[in-house]
Number of protein chains: 4
Amino acid sequence: MSRTERKRGRRVEQILAVAAELFGERGYDAVSLEDVAERLDVTKGSLYYYFAGKDELATAAIETLGSDWTGRLEAMAASAPGSAGERLRALIRAHVAIAVREYPAALRLFLVPRTWPDALRARITEMRRRHDQVFRTLLAEGLESGEFAVVATGTTLQAMHAAMSQAPLWCAGLAEDEQERAFDELADTLMKLVSPGVGSAR
Amino acid sequence: MSRTERKRGRRVEQILAVAAELFGERGYDAVSLEDVAERLDVTKGSLYYYFAGKDELATAAIETLGSDWTGRLEAMAASAPGSAGERLRALIRAHVAIAVREYPAALRLFLVPRTWPDALRARITEMRRRHDQVFRTLLAEGLESGEFAVVATGTTLQAMHAAMSQAPLWCAGLAEDEQERAFDELADTLMKLVSPGVGSAR
Amino acid sequence: MSRTERKRGRRVEQILAVAAELFGERGYDAVSLEDVAERLDVTKGSLYYYFAGKDELATAAIETLGSDWTGRLEAMAASAPGSAGERLRALIRAHVAIAVREYPAALRLFLVPRTWPDALRARITEMRRRHDQVFRTLLAEGLESGEFAVVATGTTLQAMHAAMSQAPLWCAGLAEDEQERAFDELADTLMKLVSPGVGSAR
Amino acid sequence: MSRTERKRGRRVEQILAVAAELFGERGYDAVSLEDVAERLDVTKGSLYYYFAGKDELATAAIETLGSDWTGRLEAMAASAPGSAGERLRALIRAHVAIAVREYPAALRLFLVPRTWPDALRARITEMRRRHDQVFRTLLAEGLESGEFAVVATGTTLQAMHAAMSQAPLWCAGLAEDEQERAFDELADTLMKLVSPGVGSAR
DNA sequence: CATGAATGAGGCTTCATTCAT
DNA sequence: CATGAATGAAGCCTCATTCAT
């Protein structure tokens with residue numbers, strides 16, 4: 001890889017970092033290329049040297065965003081000590097914290113797919129799958145050891161993700177310490193989904 | 001009420017039905033007045049005869065949608081027999097079924113807060129509150145009788161709603177009977193949130 | 001003239017009165033047919049039963065406005081006692097008072113002609129001519145008796161009209177009594193245009 | 001200032017020249033951005049590269065126009081020889097000549113106050129004030145030396161400006177030499193406003 | 001006569017995209 | 001590589017006008 005290519009690579013990363021941040025904050029429609037360019041002290045047109053268009057930039061940005069996000073969760077899952085339950089709870093808290101603080105509009109980002117080209121959609125799906133895998137693995141571990149019990153693995157994961165990614169909506173106006181408490185409550189609440197014990201309240 | 005007024009009322013309802021469907025499918029930004037008008041075989045400008053603008057149309061559409069939805073759940077909650085648990089489970093199933101079958105993407109409608117005028121936001125919030133109340137009441141009943149136990153009422157409701165309203169995303173391609181099973185699984189899963197027993201898996 | 005025709009005539013007059021008021025207040029562009037209709041408690045469409053379109057309505061309204069205005073000045077010119085100078089001064093004051101208080105945007109109204117059909121333009125011109133005549137007659141009288149002296153009759157009248165019709169612009173925010181003083185000052189100032197004495201300050 | 005900036009500056013000037021002409025000819029409401037763009041052989045949207053919107057463009061156009069105009073009058077007032085009367089008369093002639101020949105309908109530009117944002121209105125007011133100042137200064141000089149006499153300074157200036165800026169309306173169709181005569185007559189007529197002697201003809 | 005409804009043209013504005021330099 | 005400039009499509013909105021009832 002030549003020096004030029006590395007340089008280009010770095011530039012691309014810079015752009016993606018900024019784009020991920022903006023898209024994550026405001027969602028696809030509310031971010032214009034002008035916004036991205038301005039934050040980079042660059043002209044709109046320059047972005048086209050690196051990306052074919054807004055969709056491609058957005059997809060790449062989502063991938064960056066997801067990669068960063070997943071990467072941090074993976075690292076935490078791998079390194080965290082404690083029982084499966086302790087680690088899962090930590091994972092949930094971390095996920096929610098990232099969602100609320102860094103990518104409050106990530107949910108919005110995943111709800112535009114109807115208009116997106118299939119190719120991009122596939123990559124987004126793949127990215128979500130990888131993200132999901134972190135939780136799935138930990139869940140499987142706890143299930144195998146008997147520490148967890150669920151009604152159905154897939155459904156449980158879906159419900160967890162739904163709650164975690166919507167958290168920014170209701171944590172929007174909270175103060176720092178109120179948010180911390182909200183995270184705790186949400187984590188504790190979601191842990192009930194995997195709790196053995198009486199099962200569901202039916 | 002004169003015949004003319006009834007006629008106008010019916011027209012408004014037609015428009016709202018179409019608008020609710022479209023906004024529910026694609027979200028606020030991705031629906032243009034042109035889209036709504038076309039679906040009604042009418043010109044864009046005509047919509048302004050009934051609504052002052054896009055915001056007002058969208059709000060009315062949401063209100064219509066939410067009112068119908070909430071009304072049905074309220075009726076069910078009032079009439080359903082059985083324990084609090086049985087009724088809550090039925091409510092969850094009904095909610096999800098409506099979401100998936102009739103308003104497959106209502107979720108998108110709630111994700112535009114950044115752009116909406118305060119007045120409209122207030123009405124949407126009020127609508128959500130009323131919707132929430134149905135579940136909250138039932139939950140309170142079960143908690144009082146000791147049939148339920150939760151970490152925190154608000155958080156539990158938020159998590160439930162999140163999972164229920166995102167259901168359409170992952171139930172999209174399922175066959176009729178697969179959907180039924182998915183509803184059951186989701187209901188059972190969410191019931192764990194209110195289950196007494198060991199509490200969270202911490 | 002049948003009863004029906006008289007009734008229609010009265011309706012037309014009502015409409016014109018309202019239209020003259022509105023156009024005189026805000027100018028041509030800033031008044032919509034909706035505005036006129038609303039003030040009459042009538043539907044937009046109904047206006048088309050009496051007038052072929054906005055232009056025709058506006059022209060007729062201008063004529064009404066001008067007729068009313070000119071009529072009052074004519075009456076005053078005919079009945080007022082005193083020297084030509086005293087009567088001219090009274091006329092100026094009356095003109096300005098009407099302009100400022102009742103038709104503050106009349107000036108605006110006369111500045112749209114570029115877009116108007118020739119037929120309408122002719123009528124407006126004719127109307128202005130008649131309006132002008134009141135002043136011209138009085139001026140001629142004073143000139144003949146030697147009470148007045150002007151550089152050139154036409155130019156003097158133009159200058160007077162210009163100053164009188166622009167008065168609303170600078171009298172806009174004044175209080176009642178300040179306006180009265182402004183009227184006096186303007187009248188006195190303009191009377192210098194017809195003063196004999198040293199002629200111009202050249 | 002870089003070459004690029006100079007180029008942009010020139011483009012802005014081109015646009016402003018065209019805009020000033022059009023707005024001056026027809027008034028604010030009767031000119032669309034499409035009109036301006038077409039005259040520049042450019043698309044509507046391109047104008048937004050230079051101006052934030054119609055209001056800003058119009059204000060800048062007025063400012064350009066007024067600045068040029070005032071500048072020339074200031075220069076003339078400063079350099080012209082002769083008594084205050086001679087200089088004032090020259091100033092009036094120059095003002096009218098510019099109005100009629102170069103900005104034949106600038107008057108229209110000043111007649112949109114109802115619709116304009118406060119900020120822009122303030123700048124227009126300021127511009128008019130500066131314009132006014134040229135005449136006011138000269139008038140004050142003549143008053144102090146006893147060469148002039150007026151009823152009221154402000155009113156006199158208003159009347160003068162009104163007559164001068166409406167001149168294009170009645171000088172529209174005149175031939176070159178007729179215009180010259182009209183300018184003379186108007187100047188002589190307006191000079192009566194500052195003439196000592198018998199005062200007003202009351 | 002009057003209304004309610006609809007239309008269509010036009011206006012302002014935004015923005016992804018292109019391209020010569 | 002990057003920029004400045006321009007484009008064109010699309011969006012929201014207003015309003016004069018038409019017309020069946």
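The values are calculated or read from the model by the stated rules, or taken from the named source; none is laboratory data. Every value quoted in this text rests on a predicted model; they were computed, and no experiment measured them. Positions of Cβ are backbone-derived with ideal geometry, glycine not excepted, and every protein chain shown enters the neighbour counts. What goes into the accessible areas is simple: the full protein's heavy atoms, side chains included, and nothing from ligands, DNA or RNA. Shrake-Rupley method; radii C 1.70, N 1.55, O 1.52, S 1.80 Å.
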Check your understanding: Which value, in debye to the nearest 20, describes the size of the charge dipole of region A:80-147 about its Cα centre when Lys and Arg Cβ atoms bear +1, Asp and Glu Cβ atoms bear -1, and nothing else is charged?
Key -> 380 debye
Point to revise | Chain D, rotation onto A, residue closest to that axis via Cβ, with its distance in Å | key: D:G45, 3
Review point. Placing a label point 7 Å from Cα toward Cβ, how far apart in nm is C:R8 from its equivalents in the other copies, listed shortest first to one decimal?
Key: 2.9, 6.3, 7.9
Practice item. Would you calculate the separation in nanometres between label points at D:S145 and B:V42, each defined as 7 Å from the Cα along the Cα-to-beta-carbon direction? Key: 7.4 nm
Exercise for review: Within 10 Å of each Cβ in peptide A:179-191, how many partner chain Cβ atoms are there on average? Round it to a whole number, please.
Suggested key: 5
Study note, to complete from the structure: Probe 1.4 Å, heavy atoms of protein chains only: per residue, the accessible area of region D:99-160 in Å² is 48 Å²
Check your understanding: So what is the diffusion coefficient of region A:55-194 in µm² per second by Stokes-Einstein at 4 °C and 1.567 mPa s, using a Kirkwood Rh over Cα pairs?
Key -> 83 µm²/s
Review point. Considering chain D as a Gaussian network with a 10 Å cut-off on Cα pairs, which listed residue, D:G173, D:G142, D:G27, attains the greatest mean-square fluctuation?
Key: D:G173
Study note, to complete from the structure: Under the 7 Å Cα-to-Cβ spin-label approximation, A:Q133 and D:R181 lie apart by a distance in nanometres of 9.6 nm
Practice item. Could you name every residue in region C:13-47 that has 20 Å² or more less accessible surface in the full protein assembly than in its own chain alone (probe 1.4 Å, ligands and nucleic acids excluded)? Key: C:R26, C:D29
Check your understanding: So what is the 222 nm mean residue ellipticity for the protein assembly as shown from helices alone, if each DSSP H run of at least 4 adds -39500 (n - 2.57) and you divide by all residues, rounding to the nearest 500 deg cm²/dmol?
Key -> -24500 deg cm²/dmol
Exercise for review: Please report the buried accessible area for the interface of A with B, total over both chains, probe 1.4 Å, in Å² to the nearest 100.
Suggested key: 3900 Å²
Practice item. Could you work out which residue, out of B:L91, B:L22, B:L47, moves most in a Gaussian network model of chain B, that is, has the largest mean-square fluctuation with Cα springs under 10 Å? Key: B:L47
Check your understanding: What average number of partner chain Cβ atoms lie no more than 10 Å from the Cβ of the residues making up D:144-157?
Key -> 4
Check your understanding: Ignoring ligands and nucleic acids, what accessible area does A:I124 show with a 1.4 Å probe (Å², nearest 10)?
Key -> 20 Å²
Review point. Taking +1 at the Cβ of each Lys and Arg and -1 at the Cβ of each Asp and Glu, which of A:A152, A:L111, A:G197 sits farthest along the dipole of region A:93-202 towards its positive end, judged by Cα position relative to the Cα centre?
Key: A:L111
Exercise for review: Could you check the simple spin-label distance between A:R123 and D:E34, using points 7 Å along Cα→Cβ, in nm with one decimal?
Suggested key: 4.0 nm
Check your understanding: How far apart are the A:R129 label points across copies, placing each 7 Å from Cα toward Cβ, in nm, shortest first?
Key -> 4.5, 7.0, 8.7
Exercise for review: State the percentage of accessible surface on chain B attributable to carbon and sulfur atoms; use a 1.4 Å probe and exclude ligands, DNA and RNA.
Suggested key: 50 percent
Review point. If the limit is 31 Å between Cα atoms, which of B:K7/D:K54; C:K54/D:K44; A:K54/B:K192; B:K54/C:K54; B:K54/D:K54 go over it?
Key: B:K7/D:K54; A:K54/B:K192
Revision key, fill the gap. To the nearest 20 debye, the protein assembly as shown has a Cα-centred charge dipole, built from +1 on Lys and Arg Cβ and -1 on Asp and Glu Cβ, of 660 debye
Check your understanding: How far apart are the D:E34 label points across copies, placing each 7 Å from Cα toward Cβ, in nm, shortest first?
Key -> 1.6, 2.0, 2.2
Point to revise | the protein assembly as shown - convex hull of the alpha-carbon atoms, volume per residue in Å³ | key: 251 Å³
Review point. Mind checking the dipole of region A:55-194: about its Cα centre, +1 per Lys or Arg Cβ, -1 per Asp or Glu Cβ, Debye to the nearest 20?
Key: 380 debye
